[in-house]
Amino acid sequence: MDAYTNFILKHRKLIIGVFAAAMIVCAILSTFVGVNYNIVDYLPDDAASTKSLDVMEEEYDQAIPNARVLIYDVSIAEALSYKEQMEAVDGVDEVNWLDDAENIYEPLESMDQDTVDEWYKDGDALYSLTIDEDKEEQAIADLREIIGDENCMSGSAVTNALSPVTTAQEVQQIMSFVIPIVLIVLLLTTDSWFEPILFLLTIGVAIVLNSGTNLIMGTISFVTNAAGSVLQLAVSMDYSIFLLHRFSANRQEGMDVEDAMVAAVRQSVGSVLSSGLTTVTGFASLILMRFKLGPDLGWAMAKAIVCSLICVLCLLPALAISTYKLIDKTSHRSLVPKFDKFAKAVMKMRIPAMAIFLILVIPCYLAQGKNDFFYGASNMYSTNATQLGRDLNAIDEEYGASNPVVVMVPKGDLEKESALNEELKSLDYVTSVISYVNTVGASIPEDYIPEESLSQLYSEHYSRFVVSLDTEEKEAGWYEKIDEVRDIARKYYGDEVEYAGDLVSTEDLKSTIITDNERVNLLAIGFVFLILVLNFKSITIPIILTLVIEASIWINLSVPYLQSSTVFYIAYLIINTVQLGATIDYAILFTDRYMEFRKEMPKKEAAYETVRNCTISIFTSAIILTLAGTVLGIISSNGILSQLGILIGRGATISFIMVIFVLPALLILFDGIIEKTTLHTNFYRRDSK
């Protein structure tokens with residue numbers, strides 16, 4: 001390692017130049033990386049709903065209705081005029097309204113009132129639109145011009161069109177808050193005004209390198225795009241902190257500048273690589289998910305941590321040696337008090353802390369598994385903080401929820417189709433059924449139907465039913481309603497039926513990610529455990545450290561249950577691996593220093609010295625992750641990202657508390673077992689001195 005560091009220091013100008021050039025190239029490449037906001041696209045290729053969507057695309061030119069538009073205070077004539085204007089928008093394939101279900105030239109009183117109320121209520125008109133996925137952004141903009149800001153629109157097409165703009169603005173806003181916050185934290189916890197600039201510059205280069213190399217993935221998910229940079233900054237900042245703290249300590253001991261850096265790299269490389277590899281494997285375990293959002297985030301974040309490790313172990317030494325005079329000129333007395341009294345307090349509290357830990361761990365483990373979940377994306381923008389959320393809530397409040405489910409059955413048997421149509425219409429949660437036998441009538445031959453109308457209902461092989469359900473994912477029993485629709489269709493056509501729609505995809509999403517969660521958690525824990533075994537050459541230490549961080553995760557995830565709030569399962573799934581990979585670093589650093597001190601002093605004194613020396617480094621890392629996650633949670637209007645941010649921020653705080661207050665007690669308690677199950681401990685013994 002010394003030869004490597006000497007090479008870096010000797011050629012530091014070249015190293016800095018190479019990284020600067022790579023950063024410029026990657027900054028340009030990052031502008032070509034696409035972002036996908038449609039969660040359904042991340043379902044496995046073999047999921048039933050994915051296959052059904054493929055069948056529908058082959059058989060029909062028209063997709064599932066994917067937007068609703070509400071226009072207030074209009075007459076029938078005005079409502080028809082709005083419909084014509086919306087139909088004329090490029091990208092709008094179809095607009096359905098009351099005139100598609102009833103003869104509007106008759107008095108409203110003579111029509112079926114339930115049908116009327118589905119489309120026209122108290123002078124307000126509700127339309128169902130089918131918008132081409134490839135033209136959503138411009139179509140939604142054109143529709144907004146037609147209806148104005150005072151009227152409402154919702155649906156997956158609206159979300160897909162507006163999310164990129166909203167998220168891009170919020171990412172910039174989040175980073176504009178996070179960077180100053182991180183800078184302030186670093187200024188308060190370091191001994192030089194310039195060191196924080198080095199930290200941010202190093203990780204900033206790593207973030208740009210990762211963003212540019214995301215081009216190899218072509219398109220990344222909105223989760224990766226919005227949370228990736230914030231996570232990389234917060235998670236990998238501690239690597240550079242570990243290294244420069246060692247560098248400063250060596251210089252204070254009288255070492256020459258270059259010798260101090262060579263020694264610092266040698267001393268910290270074990271902790272930095274172990275911390276980095278555990279984080280990498282935590283994210284890498286997401287790659288093995290069938291739900292493709294996992295691999296998307298997993299590849300990007302594993303690569304992000306590798307970029308950060310390379311920058312910390314290669315670029316940072318070159319930068320620090322090139323600017324050490326500036327570090328010296330801007331040095332100042334420590335703004336953080338010594339942790340002597342704090343360490344004494346921790347040692348006195350270790351037994352109560354252990355007792356609280358034992359009391360909480362099992363109930364929290366059980367509670368976190370009983371959370372209520374959202375599995376899909378329908379509630380991502382349900383907050384009134386955005387126009388998306390306000391429009392969604394306004395439409396749902398006046399007309400109720402509406403989710404279309406497409407049922408495609410083999411065509412050719414009009415008697416069966418009529419029976420299926422009537423049974424579906426009889427369900428109290430079905431608000432409408434659009435089908436050949438319902439819209440045209442079983443008695444009218446196909447030859448008399450205009451081709452444009454016929455092609456929407458009949459294809460070469462299938463007859464299509466568009467069944468509107470007045471339910472949504474946040475309502476209890478939505479899953480059972482989808483199953484009942486399946487059972488009715490299965491009664492007539494067996495397994496020859498295809499199903500598609502947001503709720504159908506959500507149903508597949510639910511079964512996919514629940515299975516993924518169990519497997520990914522086990523793999524993440526297994527990978528981290530293996531790295532800890534290799535790093536500490538111990539069996540006992542990995543068990544202790546993994547237990548401490550897993551318990552932190554259980555406590556974190558039990559909070560939503562205790563608050564009776566609903567959790568987005570995607571956020572729940574991701575935090576399991578993110579918190580493990582990101583905060584196991586705290587436990588590794590703490591235990592590394594404990595093992596060093598244990599060679600020179602008894603276990604209680606070693607624990608005391610470890611708390612006294614490590615708290616500032618762990619606190620700095622934890623507070624950065626806490627604040628970054630909290631800012632993401634507060635600013636993001638996307639429910640998944642907001643909840644993920646809150647979980648990350650709270651998780652970092654809980655992990656810090658567990659490592660500082662519970663881990664010392666565990667290390668002291670199991671000190672004898674650790675010595676027997678760890679290679680080359682050379683623990684201090686009084687009689688050997």
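The values are calculated or read from the model by the stated rules, or taken from the named source; none is laboratory data. Everything quoted here is computed from the prediction, not taken from an experiment. Here the Cβ positions follow ideal geometry from the backbone for every residue, glycine too, while neighbour counts run over all protein chains shown. Accessible surface is based on the protein model in full, side chains and every heavy atom, while ligands, DNA and RNA are left aside. Shrake-Rupley method; radii C 1.70, N 1.55, O 1.52, S 1.80 Å.
Quick check for you: with a 1.4 Å probe and neighbouring chains kept, what is the accessible area per residue of the chain, in Å²? Numbers along the way, then the final one.
Numbers: 28960 Å² over 689 residues.
Averaged over the residues of the chain, the accessible area is 42 Å².
Leaving ligands, DNA and RNA out of it, rank M1, M23 by accessible area with a 1.4 Å probe, largest first.
On the way: M1 95, M23 65 Å².
From most accessible down to least: M1, M23.
Here is the list for the range 480-577: trypsin sites (Lys or Arg not before Pro) lying in DSSP coil, each with at most 15 other C-beta atoms within 10 angstrom of its C-beta, are K537.
When peptides 647-659, 338-350, 205-217, 183-195 are sorted by average Cβ neighbour count within 10 Å, with the highest value leading, the order is 647-659, 205-217, 183-195, 338-350.
By DSSP, the beta bridges lying fully in the chain are antiparallel in about 85 percent of cases. Approximating the spin labels as points 7 Å out from Cα along Cα→Cβ, the E398-to-M217 distance works out to 4.0 nm.
Report, in debye and to the nearest 20, how large the dipole of the chain comes out about its Cα centre when Lys and Arg carry +1 and Asp and Glu carry -1 on their Cβ. List each step's numbers first, then the result.
Working: 48 positive and 89 negative charges, 1637 e Å.
So the magnitude is around 7860 debye.
Between the range 327-357 and the range 550-569, the C-alpha centres lie 29 angstrom from each other.
Considered as an equivalent ellipsoid built on the Cα gyration tensor, the chain has semi-axes of 58, 26, 21 Å, the largest given first.
If R0 equals 41 Å, the separation of the Cβ atoms of A345 and L679 corresponds to a calculated FRET efficiency of about 0.75.
Ranked highest first by average number of other Cβ atoms within 10 Å, how do 568-577, 219-228 line up?
Numbers: 568-577: 25.2, 219-228: 23.5.
With the highest mean Cβ count within 10 Å placed first, the list reads 568-577, 219-228.
Within straight-line reach of K491, meaning a Cα separation under 27 Å, sit the following lysines at least 8 residues removed in sequence or on another chain: K51, K411, K416, K425, K481, K510. Relative to the longest principal axis of the Cα atoms of the chain, the long axis of helix 569-598 makes an angle of roughly 0 degrees.
Take the Cα of Y105, go 7 Å toward its beta carbon, and the backbone nitrogen atoms of the range 67-94 under 17 Å from that spot belong to 76-78, 80-81.
Only four residue types carry charge here, +1 at the Cβ of Lys and Arg and -1 at the Cβ of Asp and Glu. Report the dipole size of the range 182-300 about the Cα centre in Debye, rounded to the nearest 20. Before the final figure, lay out each step's value.
Working: 5 positive and 8 negative charges, 114 e Å.
With Lys and Arg at +1 and Asp and Glu at -1, about 540 debye.
Using Cα positions and a limit of under 18 Å, work out the aspartates and glutamates in reach of K10, with same-chain residues fewer than 8 apart set aside. Result set, ordered by chain and number: D2, D256, E258, D259.
Under the definition of Cα pairs under 8 Å and six or more residues apart, what whole-number percent is the relative contact order of the range 476-568?
Rounded, it is 13 percent for the range 476-568.
Fully extending the segment from D41 to D149, taken as 0.36 nm per residue of separation minus the present Cα-Cα distance, adds 35.9 nm. Cross-link partners for K338 among the lysines, with Cα-Cα distance under 18 Å and sequence neighbours closer than 8 places in the same chain left out: K348. With each label modelled as a point 7 angstrom along the Cα→C-beta vector, the R486-D328 pair spans 7.2 nm.
The modelled label-to-label distance between L562 and V336, using points 7 Å beyond Cα along the C-beta direction, is 2.7 nm. Any idea how far the Cα center of the range 610-627 sits from the one of the range 138-180, in Å? Taking the Cα centre of the range 138-180 as reference, the centre of the range 610-627 is 38 Å away. The residue list I555, A606, L580 was ranked by how far each Cα lies along the charge dipole of the range 547-611 toward its positive end, using unit charges on Cβ atoms, and I555 comes out on top. Under 19 Å from a label point set 7 Å out along the Cα-to-Cβ vector of K599, the amide N atoms of the range 1-20 belong to 1-2.
If R0 is 25 Å, what FRET efficiency do you get for W193 and A249 from their C-beta distance, rounded to 0.05? Mind dumping the intermediate values first?
Details: r = 19 Å, r/R0 = 0.75.
About 0.85, to the nearest 0.05.
For the peptides 248-256, 31-39, what is the packing order when you average, over each peptide's residues, the other Cβ atoms within 10 Å and list the highest mean first? Could the numbers behind the result be given before it?
On the way: 248-256: 14.0, 31-39: 16.8.
By packing density, highest mean first, the sequence is 31-39, 248-256.
By accessible area, using a 1.4 Å probe on protein heavy atoms only, the chain has 57% of its surface on carbon and sulfur.
Cα centroids of the range 96-115 and the range 476-536: 40 Å apart. Taking all protein chains as they are arranged and a probe of 1.4 Å, the heavy atoms of Y492 leave approximately 50 Å² accessible to solvent.
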